[in-house]
Every structure is written in C-alpha cells, then in structure tokens.
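Read the figures in this text as sums done on the coordinates, not as results from a lab. Treat the numbers as computed from the prediction; the structure is a model and nothing was measured. Note: ideal-geometry Cβ built from the backbone for every residue, glycine included; neighbour counts use all protein chains shown.
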C-alpha cells in the first residue's frame, strides 16, 4: 500500500500477508524519482510497494558484477591457455 503525503517526496511502503507482520519502510527521494517510481508501478499495474518488491526480487536474480568478472577472467584464461575450441556451427557445439 502506498501512502502519499502532499508536498512531501517520501514514499511509505507497507507490506503484509497472513504469515508475517506488516513492515513499513520510509524512503526519502527527489520528487522526480518518486514520480518515476509511481509511474512505472502504474505502468505495470502494481502498487508502489509491489513494484519495489518485484524490482528487488528481479535484481537478486541478476548475475552480480563480481561473479560476471570472475566468469570473464576464467573465459579469458581458458582462451589464452588453449582450453577453448573453435566452432564452425551450432551443431559443433552440440557434438
């Protein structure tokens, strides 16, 4: 649920369900950012609280920068040490 206070750039988020107590998070934002979040939530047919929960869950599913760098370093190392194979087609990958 979104509580909006006139002349205030603060979004107050409330989350509740039958299994947990409600928690409130107050976030102070520049007016433009607050409007952007509210507009994005509306575009996706979500409340501001639901939209922020959705985006944080999506962020958790992304590869973190450190993990991506580790993968890139390993790939570069494999390439320079000859552990890679040149493929001429997708069929070569499957064989």
| note | If 94, 69 are placed from fewest to most neighbouring beta carbons inside 10 Å, the sequence is 94, 69
| Listing 31, 46 from the residue with the fewest other Cβ atoms within 10 Å to the one with the most, what is the order? | 31, 46
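Starting from the Cα-Cα distance between residue 78 and residue 38, subtract it from 0.36 nm times their residue separation and give me the gain in nm to one decimal. Mind showing how you got there, number by number?
On the way: separation 40, 0.36 × 40 = 14.40 nm, distance 4.60 nm.
Length gained, residue 78 through residue 38: 9.8 nm.
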| said: Sort 49, 61 by Cβ crowding within 10 Å, fewest neighbours at the top. | reply: 61, 49
